[in-house]
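Have a look at the structure below, then the notes.
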Amino acid sequence: MKKFNYFLAVLLGLSITYASAQTKKGSVLIKNATVITVTNGTLENSDVLVQDGIIKQVGQNISAPSGIETIDATGKYLMPGIIDAHSHVALDVVNEATSPIVAEVRMRDVVNPFEVGIYRALAGGVTISHAMHGSANVVGGQNVTLKHRWGSEDPADIIMQDAPRTIKFALGENPTRVHGRGRGIQPRTRMGVEAILRNGFNEALQYKKAWEDYNSASSEKGNTMVAPEYDERLQTLVDILDGKIIIHCHSYRADEIYMLINVARDFGITKLVFQHTNEGFKVAPEIAEYTMGASVFADWWAYKFEVYYSTAFNAAILQKNGAITSINSDSAELIRHLYHEAAKTQRYGGLTDDEALAMITMNPAKQLGISDKVGSIEVGKQGDLVIFEGHPLSVYAIPQKTFVDGVKYFDIETDEDDQRLRVSPTEMVEPIYMTQEDHRCMQGVELNFSDISQTLFNTNY
Amino acid sequence: MKKTLLKASVLGLLVFGWISENSLLAQSDPTGKKPITSTYAITNATVFSEPGKSGMKATVLIKDGVIQGVGSNLSLPIETKVIPGDSLFVYPGFIDGGSDAGITAPKDPERPKDFVSSNPPDEIAGITPWRSAVDQYSGDDNKVEDFRKAGFTVAQILPDGGMIAGKAAIVVFGSEYSNNVLKTNTALVSSFRGSRGMYPGTAVGVMAKFRDIYQNTKLTQQRGEKYQTVSGVSRPEMTPTYTAMMDVINGQVPVMYTAPSELEVRRAISLQKELGFKLILKGLDDYATVIDVIKEANVPVLISLEIPDDKAIKAQKEDVSEDVKQQYARVKEAYDNSIKQAAMLEAAGIPFAFTTSGTKAGDVMKSLKTMIENGLSEQAALAALTTNAASILGMSRVAGTIEKGKMANLVISTDLLFAEDSQIKHVVVDGYIFDYEIKPKKKASEEGDGTPAKVDGSWDYVTESPAGSSGGVFQISKDGSDYKGTITLDDPSGSGKINSDLKEVTVNGKSMSFSFDIAAGGMNITINVSGEVEGESYDGTMSVDQFGSFPFSATLNPTLIANK
Amino acid sequence: MKRITKAFFAFLIALLPVLAMAQIDGEFVKPRTGKFLLQNATVVTITKGTLNNASVLIENGKIAQVGTNISADGAEVIDCTGMFIYPGMIDSGTRLGLVEVSSVAETTDYSEVGNVSPNMQALTAVNPNSEEIPVTRVSGVTTALTVPSGGLFPGTAALINLVGYTPDQMYAGFKAVVMNFPSSARRGRFDRRSDDDIKKDSEKALKEANELWEKATSYHSLKSAGAELQYYPEMDQLAKVISGELPMMIEVNAAADIQNALEWIEGKDAKFIFSGVAEGWRVADEIAEAGIPVLAGPVQELPTRDSDRYDAAYTNPGKMAKAGVKVAIRTDEEENVRNLPFHAAFAAAYGMGKEEAWKAVTINPAEIFGLSDMYGSVEAGKIANLIVATEDPFETRAQIMHVFINGYRIPLSNRHIRLYQEFLDRSPGLESN
């Protein structure tokens, strides 16, 4: 018995070293593909070499260093891993809906690496998603950028640790419904939304000053200053004002988008991205001039009143006005075919291939502050790649293999059907879900029993 | 009725212990219950004095609640009452690392008039670190008796509550004449559970709020220190929360996080690493994959003394298609892995103890035996029940083994503890001896006799939904041979409460179901509730037309019945 | 006072045309009918192969001729050189016209109160002026089945063409009574009923359905025997299924439910169509054997089970078609019905093949609805529902150049396009901000 335990302990000891090791980095040489770099054109019959997770060479006739796997991609397309700038994948909680400002909550606290949605996104070529707090609050929680390292057990291993901090804001119907109409507190109107923002930032300025005063006085002898109250909510707003956090703001109507631009300008905030932004096309010049652009649906509209006056040409108008524009999913389903969603900018607005593909690679990378690391096939960038059968913008395209940091996490040929990482030991029959619960902005909120009327209204985004 | 009789018979069998002070002060006892001596010896029994030591034939002598000696040549004082132990097996009394036996949840405080859900008072938001389990504990609760009968002599009792429920305490399951409290303030009981409809409502809010409280307690302490030493400093505000958190930030009291799943284990450890408190993990159900993480963090663990039920495994059929077979195999694998977890902890060299919180006393032995069948050594199982628990609870000096000078806490069984038909005959707690009837083999379980459960009265109910919980009261009264009733619930179209009549209240044996309508968004929605009544509790499901189903539980409120 | 007001309004109204002329700029383009010759295109007929350099003549709302050397006499000639002519696409399951803004209850008309309301007519509630109709039809979807939902028998679905000013002008000649087959599946991730409860619920619902069927059968036989029964509109409508006047469209998705539904319809002398059929691939052989056609979709959808391969919904139509099931594809959408070609294309890419996928949005639904003499292919004599595109209209980047519905030339404009035209180059731009 003792001996048996000893061996087990040794085995476990090994797994400890493994678990505390760095996230997996792989090496691979992909040969003879049509390489869509996004930033430097499309290279026919070319090779891409990834070593230890980093793209080392892009060109022709690259030979594999010894021990590195070679994949022949003749007749296939290779593009950078797709980046979804708006997702709620792999989160155990989406909405802390209870206060108009919850800047202190961190989605990285509730990352769930076992959600099969990660694998399904990989099967659609998506390697990075921006897992966001919901849209119930004017200032929501801090989002987390995930790398889809499927199979990881430690949530920390799927978090893109070198991505900057981002935070969710939300304007319009959702926060006014949840707080104003649901709980009888501000904001109930778009006026109230602006007031919550301005009040919050002004309080944050006071908070910052209080701590600065305290810190400078505390070195003086005999001072009677005591430390102010600690408030991570205000501290996070201070960090936004100091340019340490990128705002990603759920927004629909042109007036509210314009309002936030004005608030941001008044407070000197420049790191601002609009999400959804269905009426962004109406204020495209302003978005282009003052912000980091907009991340939009390809064609969603009319699911709620504030998106009734939408157009599927939104992305094209924004793009042609010079705004950084990305196409996102906000959905467990759409995230699986963002390449197709991006192609809709060609039907609705005639964008070029590179413009369309940038909307799911380079542009979201810029909006997430990671464009120096991912978003295109360039030497020095991280080895996040997808091999497609067919041009990725073709409706008939099928993703074949998806790599994150040079490690293959999806392979259409060899993967098992059942990808669940965790199975309940007490499951009699596997649940069948007919109306799939998408990952949504209002996830959790609408199912609050006391908010059942909102369920009826079915306002999810 | 049956239950009461049974209880009485058990009580009747007790050999009553004694109370030292009382025995000195009160000489007469017209009840005839007073024991005649406080000195006992279990003679010539097979004694397992601590986990890992083999049993030896010996006599255990106890006096005034303390073990006086263990050996074969003890001289027994003249006043010794001898319990012949020739066919008996003696083990150290079990210690429960986290128990809710005897705990009654405190009433929810009234919401103040100016209540704002985004910034509720701590007490209403489930932040009550000043509460003590002792105030919620009653030693004469049936559950205490049940666990004592299962061999538990000492337990860390946990207060009921929200994200910070309060402080745990250690009690002995001893005589009804003593308050039995060994130690208070033993751990801060915390969970990731949010509050219903207010901040913090979810795990992510709870974690943020915990950080906030922790940091502000630190600052409050700093302010307090400065206030003591520098004149001219404004008086620091000492809220009950910060005051009660001081010994946590100072490392005197550990935080006991309820963390059933592997992800919650990781969350608790990451909070600990960030803030630096002492951590105990409690209530672990799924942890096979985080054993290395636990080991690295060097955190004490109280695993759940419960194994997953095997209904699903047993329901698997033979004649199914290939893909269903594959699904079955995965569930079976998950089940098999789950019951091996305790063995894996042992193999990893992590000393662990148990929490019975949420476990039925009657399932304790079954769980232990299943763990043992799946690789846990008997020695490690016993250690989890005794020495490890004593060490995690910081009471190794007085409990956990059978040694001279330790508390007289013993489990005396008819066979080797984990042998198939072994039964517990006596449990000695704090020197008191509790005797239990030894039954011939149990008959097949009794079926319910189909008589309708008693359901009339006022029930407090709670429903859980992904966004948190909601609740209120429903009343049921007899209406001829039928039932009628009303329910109050949160107004779906805004704030406040509304009433709705219950329809189709049906009671069939233990099952009760009813439905009611609410108007929301210009539509009428019918809500169906069905479930089982078990004594004064109701465990059911609420299904809301097309929107899904949610757990619905309720407890019968006895005072309101009495008022009727 | 009253009289004065009235007179004043009469005066205003008299002035209106004058004012209007002064204020209205530009001309509104309406759908218009006539004789059109679509010249020199590649015609993908679906049923009769692909014709190169061919033309299609539209006259009196119908396809008059398909072929080469068609006389242009009196026709408005539309040069289609380099382009492709396809039949208009049919979406076999939508809520088009019944919903304007899905979150605004006042604008949704697909779910009536009551569990048994087969007499609710979707066609009645179709709003011919819904903004969603012009948005949909410029994508090449010319015809859609619009379906009520909620409850056991939610109502009667109707096939509409996406042109017309009244529901009757839009009506395309097919109705079906809808049944939601009692489901043993969970309704979503938050449905936490126990397996037993789910089973009980579905058994209860099935029992109810059986009783209702029984009742409708009696109602029908008494009625046909000449009995004068009390007004009972629900039974009256169900009796139409029993008499064979209307088919019954059964919404059923989980594999076990499909099997139950197959068993349920066995021996019932009526016409049945299955819709949804999300797990059809698990029991495709059984559906094929029973000869029940399916309206499958959505295709761009998640698998029903976590353990399923990620592409289970993509491959479902193809797997059923391969097993011999007649498959039509639906979006199950309202404002996004325009994505029908993309749902079909995903089915095509994931095993169904382009040809079969095209049939699933043209001739197959036409046949299932008993309208193959009118819709579903480019053939002389059929109703002129046609699209002209720069390439395969399934392809995302394809541009739809012309749409004809019921012989009407459809203006390629809608809210989305008008907003594009107004805002692409906004004036003023950034000035005076």
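One decimal place: the segment C:L412-C:E211 gains 67.4 nm when fully extended, by the rule 0.36 nm per residue minus the C-alpha distance. Mean residue ellipticity at 222 nm, helices only, chain C: -9500 deg cm²/dmol; runs of at least 4 DSSP H residues each add -39,500 (n - 2.57), and the sum is divided by the number of residues. Rounded, prolate or oblate, given the Cα gyration tensor of region C:146-211, with a/c below 1.5 counting as rounded? Here region C:146-211 falls in the prolate category. Looking at the protein assembly as shown, the DSSP beta bridges with both ends there are about 65 percent antiparallel.
Between C:N115 and A:E413, what is the spin-label point distance in nm, taking each point 7 Å from the Cα along the Cα→C-beta axis? Each label point lies 7 Å from its Cα, and together they span 5.4 nm.
Sorted ascending by nearby beta carbons within 10 Å, beginning with the fewest, C:M89, B:M207 become B:M207, C:M89.
When only Cα pairs below 8 angstrom with a gap of at least 6 residues are kept, chain A shows a relative contact order of 20 percent. On full extension, the segment bounded by B:K404 and B:N557 gains 50.3 nm, given 0.36 nm per residue less the C-alpha separation. List the aspartates and glutamates whose Cα sits under 20 Å from the Cα of C:K30, skipping any in the same chain fewer than 8 residues away. The qualifying aspartates and glutamates are C:E59, C:E76, C:E131, C:E132, C:D168, C:E422.
Taking each residue as 0.36 nm, the span from B:D319 to B:N44 lengthens on full extension beyond its C-alpha to C-alpha distance by 93.4 nm.
Rounded to the nearest 0.05, the FRET efficiency derived from the C-beta distance between B:Q379 and B:E296 at R0 = 25 Å is 0.50.
Volume of the convex hull of region A:33-111 (Cα atoms only), normalised per residue: 164 Å³. Which shape class applies to the protein assembly as shown: rounded if a/c is under 1.5, otherwise prolate when a/b exceeds b/c and oblate if not, where a ≥ b ≥ c are the square roots of the Cα gyration tensor eigenvalues? In terms of gyration-tensor shape, prolate.
Each Lys or Arg adds one and each Asp or Glu takes one away; over the other residues whose Cβ falls under 12 Å from the Cβ of B:L188, this sums to +3.
Taking the number of Cβ atoms within 10 Å of each Cβ as an exposure proxy, the fewest-first ranking of C:T142, B:T46, A:T291 is B:T46, A:T291, C:T142.
With the simple model of a label 7 Å out from the Cα in the direction of the Cβ, B:T506 to A:D372 spans 6.8 nm. Let me test this: with uniform point scatterers at the alpha carbons of region B:256-320, what is the Debye-based log₁₀ I(q)/I(0) at q = 0.12, 0.14 1/Å? Per q value, in the given order, log10 I(q)/I(0) is -0.37, -0.46.
Spherically averaged projected area of the convex hull of Cα atoms, chain B: 33.5 nm².
Calculated mean residue ellipticity at 222 nm for chain A: -8000 deg cm²/dmol, from DSSP H runs with n ≥ 4 weighted as -39500 (n - 2.57), summed, divided by the residue count and rounded to 500.
How would A:V38, B:V462 line up from fewest to most surrounding beta-carbon atoms within 10 angstrom?
Sorted ascending by nearby Cβ count, the order is B:V462, A:V38.
For region C:241-293, applying the loop criterion from DSSP together with a ceiling of 11 other beta carbons within 10 Å to the GluC sites (Glu not before Pro) yields C:E266. Excluding residues on the same chain fewer than 8 positions from A:K282, give the lysines whose Cα lies under 17 Å from its Cα. Leaving aside lysines fewer than 8 places away in the same chain, those within reach of A:K282 are A:K320. When the C-alpha to C-alpha distance is required to be over 29 Å, the pairs from B:K484/C:K240; A:K24/B:K273; B:K143/B:K282; B:K209/B:K295; A:K381/C:K354 that qualify are B:K484/C:K240; A:K381/C:K354. Answer rounded, prolate or oblate for region A:252-380, using the Cα gyration tensor with square roots of eigenvalues a ≥ b ≥ c: rounded when a/c is under 1.5, else prolate when a/b is larger than b/c, else oblate. Here region A:252-380 falls in the oblate category. Model label points for B:Q228 and A:F267, set 7 angstrom from Cα along the Cα-to-Cβ axis, are 4.0 nm apart.
So if we plug the beta-carbon distance of A:A217 and A:M191 into 1/(1 + (r/R0)^6) with R0 = 45 Å, what FRET efficiency do we get, rounded to 0.05? FRET efficiency, A:A217 to A:M191: 0.70.
List the GluC sites (Glu not before Pro) within region B:46-143 that fall in a DSSP loop (any state other than H, G, I, E or B) and whose Cβ has at most 16 other Cβ atoms within 10 Å.
When the GluC sites (Glu not before Pro) of region B:46-143 are filtered for loop state and at most 16 Cβ neighbours within 10 Å, B:E79, B:E110 remain.
On the basis of the beta-carbon distance and an R0 of 35 Å, A:Q206 and A:R181 show a calculated FRET efficiency of 0.70.
Per residue and in cubic angstrom, what volume does the convex hull of the Cα atoms of region B:151-257 have? Please list the in-between numbers first.
Values: hull volume 15.2 nm³, N = 107.
Value for region B:151-257: 142 Å³ per residue.
The residue list C:I258, C:P303, C:S117 was ranked by how far each Cα lies along the charge dipole of the protein assembly as shown toward its positive end, using unit charges on Cβ atoms, and C:P303 comes out on top.
Every read-out reported here was derived from the displayed coordinates using simple, explicitly stated rules and does not represent laboratory data. Nothing here was measured: the structure is a model prediction, and the numbers come from that model. So basically every Cβ, Gly included, is an ideal-geometry build from the backbone, and we count neighbours across all protein chains shown.
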